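Colleague: This is the structure I have questions about; it appears just below.
The values are calculated or read from the model by the stated rules, or taken from the named source; none is laboratory data. Since the structure is predicted, the reported quantities are computational estimates derived from the model, not experimental observations. Here Cβ is always computed from backbone atoms with ideal geometry, including for glycine, and neighbour counts include all displayed protein chains.
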Ligand code: FES
């Protein structure tokens, strides 16, 4: 059985839930390691989607990161305090405040 060594260093948020990640992890890796496998729902049917290729090719891992929609979580490195949310359907065209 594979186990992950204890994690320390980076805390990200998945909605209201804190997730511990290793420095250098992608957001997708941190989410999958924490048991999160749905990062978005489709715009047409609302079907769940999540990381698949882990190399930036499939776009299944899109999520909202720090208020920015359509972020490829497999290509984005974790940063302490990062806020990640499930992207539900089509993203809004509105720009985040700030
Ligand atoms: S998992 Fe395929 S683009 Fe991120």
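Colleague: Would you pick out the residues in segment 39-66 that are touching a residue at least 24 places away in the same chain (Cβ under 8 Å) and within 15 Å of the ligand (Cβ to nearest atom)?
Modeller: Within segment 39-66, 39, 40, 42, 54, 61, 62, 63, 64, 65 meet the criteria.
Colleague: Hey, any hits in segment 40-56 for a residue that's in contact with a helix residue (DSSP H, G or I) (Cβ under 7 Å, 6 or more places away or on another chain), at pLDDT below 95 and loosely packed, with under 12 Cβ neighbours inside 10 Å?
Modeller: No, that holds for no residue.
Colleague: Taking residue 12 and the conditions (1) closer than 20 Å to residue 91 by Cβ; (2) outside any helix (DSSP H, G or I); (3) within 14 Å of the ligand (Cβ to nearest atom), which numbered condition does it fall short on, given that it satisfies the others?
Modeller: The single condition residue 12 does not satisfy is (3).
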